[in-house]
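Some notes on the structure that comes next.
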Amino acid sequence: MADMLPLQASTLAGEIFPAAKPRSALLRNLALAVAGSLLMVAAAKIKVPFWPVPMTLQTLAVLALGAAYGARLGAATMALYIAYGLAGLPVFTNTPPVAAGPLYLAGPTGGFLLGFVAAAAIAGWAAARGASLLRIAGGLLLADLALMTLGCLWLAFGAQMAGGATGVGFAKAFAYGVQPFLLGEALKTALAACLAGAGWSLIGRRG
């Protein structure tokens, strides 16, 4: 997959916040990663409490950040957000009352959290400079599909549930972890694609 990702491709964030020197670029990327990770925290707290996976605005944030930041910085931003939770900070959707930390990733939403990294990388690849709106939309759809697939498979076969069971089986994982979100995911993917396309269009007119 690494051969598919043009990690050095021009990104929306790079065009909006240009940096002439490597040190400036590093500082810019650090600032963007922190800002993006904090956006993920805010998106996690805006939720509709479904079981076992709540509906949040995080998918929209993942796709939009990946599309704006590019594959490498987008994935790193998601990893930074997850690192906050692994360190015990209450940044995940169900924290509190659930305690954050490494064990949180073993729960029902662990696969979706790891899917954020893959989704941001794919979104960044799709929305590189010069991409058509069709490629952006198709790439963001692929990114969301990867996220939902990882989340569903983990919920089905690996998640440690409250009753001590491991996973809920594929049928229940799809019924409760994917199906209720399909319309919302389609809308969020379309919105992220429109935002990315509009961003490049504005930069093109400005340039």
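Please treat every number below as a calculation from the coordinates, not as lab data. Every value quoted in this text rests on a predicted model; they were computed, and no experiment measured them. A quick note on method: Cβ atoms are made from the backbone with ideal geometry, for glycine too, and the neighbour counts reach across all protein chains shown.
With a Förster radius of 41 Å, plug the Cβ-Cβ distance of residue 106 and residue 203 into 1/(1 + (r/R0)^6) and report the FRET value to the nearest 0.05. E between residue 106 and residue 203, to the nearest 0.05, is 0.45. Candidates 175, 13, 52 compared by Cα position along the dipole of the range 2-206: farthest toward the positive end lies 13, with charges placed on Cβ. The calculated 222 nm mean residue ellipticity attributable to helices in the chain amounts to -21500 deg cm²/dmol, summing -39500 (n - 2.57) over DSSP H runs of n ≥ 4 and dividing by all residues.
Here each label is just a point 7 Å from Cα along the line to Cβ, and for residue 16 and residue 89 those points are 2.1 nm apart. A simple charge model with +1 on the Cβ of Lys and Arg, -1 on the Cβ of Asp and Glu and nothing else charged puts the dipole of the range 2-206 at about 500 debye relative to its Cα centre. Overall shape: prolate for the chain, with the ratio a/c of the largest to smallest alpha carbon gyration tensor axis at 1.5 or above and a/b above b/c. Rounded to the nearest 10 degrees, the angle from helix 22-45 to the longest Cα principal axis of the chain is 40 degrees. Given springs between every Cα pair under 10 Å in a Gaussian network model of the chain, which of 73, 147, 27 has the largest fluctuation? With Cα springs under 10 Å in the chain, the top fluctuation among 73, 147, 27 is at 27.
If one takes the longest principal axis of the Cα atoms in the chain, at what angle in degrees, from 0 to 90 and to the nearest 10, does the Cα axis of helix 110-126 lie? Roughly 20 degrees, rounded to the nearest 10. What FRET efficiency, computed as 1/(1 + (r/R0)^6) with R0 = 35 Å and r the Cβ-Cβ distance, is obtained for residue 166 and residue 132, rounded to the nearest 0.05? Given R0 = 35 Å and the Cβ-Cβ separation, E is 0.20.
Extending 7 Å from the Cα toward the beta-carbon at both residue 31 and residue 80 defines two label points whose distance is 1.2 nm.
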